[in-house]
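What follows draws every value from the coordinates through simple rules; no lab data is involved. Note that this is a predicted model, so its numbers are computed, not measured. Every residue, glycine as well, gets a Cβ built from its backbone with ideal geometry; the counts of neighbours run over all protein chains shown.
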Amino acid sequence: MTKLLRLAAIAVLLAAGCAGGNGSGASTPRRGKTVITGAMATDFSARDVDGKTVRLTDYLGKQVVLINFWATWCEPCLAEMPHLRVLYEKYRKEGFVVLAVSVDGPETVADVPSFAKRNALMFPVLVDEDSRIASVYNPKKSAPLSVLIDRRGTVTRVHEGYNPGDETDMDLSVSDVLDPAATAK
């Protein structure tokens, strides 16, 4: 592939997000629908990059949770990650946590721990090697995909893809879910 064609392909991925990735950058369509707003969150457990088991129920009832599906090969995911870090740092003391769920395949999953360390990600970075979490929340394996869950366990927002400026909308959504009285004013 010529350099120009590679650049064009990257531009298309950046514009549309890395939907349906398989870890190699190629698209793998899957049937199913992403979880919908208003649905109750389904529990899951997965290992984080340090080998610790993390369960969604560890946070429900106590914190607002943002599940973010991402991959090391996905350029929009990589562009979004610094904004997720800032969002986490801004709201963590108010009861907010990001669960970054890697959808990397066998070719790239080994890169996940070093990426998390290199980028100083202080929130849990989970590896969904068997796609159990994705099968519930992200069956198309879109990347990035963010699912915002309130303290009661209700999905309040689902956002697929990333474009510059999306972080502002996500910040407002997180703020509203952390302080529901603010939206009622």
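A Stokes-Einstein calculation at 10 °C with viscosity 1.306 mPa s, built on the Kirkwood radius of the range 35-175 over Cα pairs, returns a diffusion coefficient of 107 µm²/s.
Other residues with beta-carbon under 12 Å from the beta-carbon of PHE44 carry, at +1 per Lys or Arg and -1 per Asp or Glu, a net charge of -1. LYS52: which aspartates and glutamates have alpha carbons under 16 Å from its alpha carbon, excluding same-chain residues fewer than 8 sequence positions away? Hits, sequence-local ones excluded: ASP128, GLU129. Only Cα pairs under 8 Å and 6+ residues apart enter the sum, and on that basis the relative contact order of the range 70-185 stands at 27 percent.
By other beta-carbon atoms within 10 Å, ranking LEU121, LEU172 with the fewest at the front produces LEU172, LEU121. Under a model in which nothing but the beta-carbon of Lys, Arg (+1) and Asp, Glu (-1) is charged, the range 35-175 shows a dipole of about 480 debye around its Cα centre.
Considering only LEU121, SER45, THR168, the residue lying farthest towards the positive end of the dipole of the range 35-175 is SER45, judged by Cα position with unit charges set on Cβ.
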